Amino acid sequence: MKGLARFGEYFWEFLVVTLIAAVSAVTVLPFVPVTVGLCAFFRRGIDERRFKDIFTTIGANWRILIFYTLFQLVIIVFPVLNIYFFNTHPERLNGFVLAVSVIALVFGVFYLATAPTLIVNMNLTFRQLLRNGIMLLFGGLLRSICAVACIAGVVALILWFPYAVVLTLYAVPYINCKLMGENFYKLKAKALGTTVEKLKAEEHADDYLDEYGRVKRAVNADVEQKDEEKSN
């Protein structure tokens, strides 16, 4: 029975997250902030995640999200539209525009993989986001390749099989959050002169039970308090 209840939790989460991500993707503009919100959502355990975390994270980071969203619109959305147009209208193909679009799209995919983790875990400017986004890729080369490949696969689906994207709207943000999160831990541990295991152990050291008897991470409580302070 417990296993069935857990399955129901995951299934309900899958439906809601997919719906939120799909609506944001269709309306285009909210999609980038929602990817950041989903990163904050998935960084917590299944018993700690709340859907409102998606929106509180967006509200707490609205300043940098304005610049990051505009950046991604230019470097991802417009190139995707250009490539899609050339695929459907080969007689109008412009080699220079296509090459620039592909190069821009590559950079856009990199930052779509790295930026959400940085925004969720750090208080940084847009310039720092661009610089640290490249650094985060080197926190674990294999993890970075997997994360970028997942996002690149979604972009490819948008170009050739757009209706199949719906099936990836839960899995890809989840996988990307976990992989880039590990990269962030590795770089942070290196900067602090400790190990990833010790860093994670310290985060769990002050865990406690909430009023419902569920494990509550103290580090998440601190994040929630900071988010509320930012939003106020």
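So, in the stretch 2-45, how many residues would count as being touching a residue at least 40 places away in the same chain (Cβ under 8 Å) and not in a helix (DSSP H, G or I)?
Total meeting the criteria: 5.
Could you give every pair whose Cβ atoms fall below 9 Å, whose first residue belongs to the stretch 127-144 and is touching a residue at least 12 places away in the same chain (Cβ under 8 Å), and whose second residue is open to solvent by 100 Å² or more (accessible area, probe 1.4 Å) and hydrophobic (A, V, I, L, M, F, W, C), counting only separations of at least 6 or pairs across chains?
129/67; 144/138
Quick one: is residue 107 open to solvent by 70 Å² or more (accessible area, probe 1.4 Å), touching a residue at least 24 places away in the same chain (Cβ under 8 Å), part of a helix (DSSP H, G or I) and under 19 Å from residue 153 (Cα atoms)?
It is true that residue 107 is open to solvent by 70 Å² or more (accessible area, probe 1.4 Å), touching a residue at least 24 places away in the same chain (Cβ under 8 Å), part of a helix (DSSP H, G or I) and under 19 Å from residue 153 (Cα atoms).
Which residues, taken from the stretch 180-205, are open to solvent by less than 40 Å² (accessible area, probe 1.4 Å) and either closer than 16 Å to residue 32 by Cα or hydrophobic (A, V, I, L, M, F, W, C) (or both)?
Within the stretch 180-205, 180, 184, 189, 196, 199 qualify.
To keep it simple, each residue is scored yes or no on (1) β-branched (Val, Ile, Thr); (2) out of contact with any helix residue (DSSP H, G or I) (no Cβ under 6 Å at 6 or more places or on another chain); (3) open to solvent by 60 Å² or more (accessible area, probe 1.4 Å).
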{"site": "26", "(1), (2), (3)": "yes, yes, yes"}
{"site": "45", "(1), (2), (3)": "no, yes, no"}
{"site": "53", "(1), (2), (3)": "no, no, no"}
{"site": "65", "(1), (2), (3)": "no, no, no"}
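The values are calculated or read from the model by the stated rules, or taken from the named source; none is laboratory data. Since the structure is predicted, the reported quantities are computational estimates derived from the model, not experimental observations. Heads up, the Cβs are rebuilt from the backbone with ideal geometry, glycines too, and the neighbour counts pull from every protein chain shown. The protein model used for the area step is the full one, side chains on, heavy atoms only, and it has no ligands, DNA or RNA in it. Shrake-Rupley method; radii C 1.70, N 1.55, O 1.52, S 1.80 Å.
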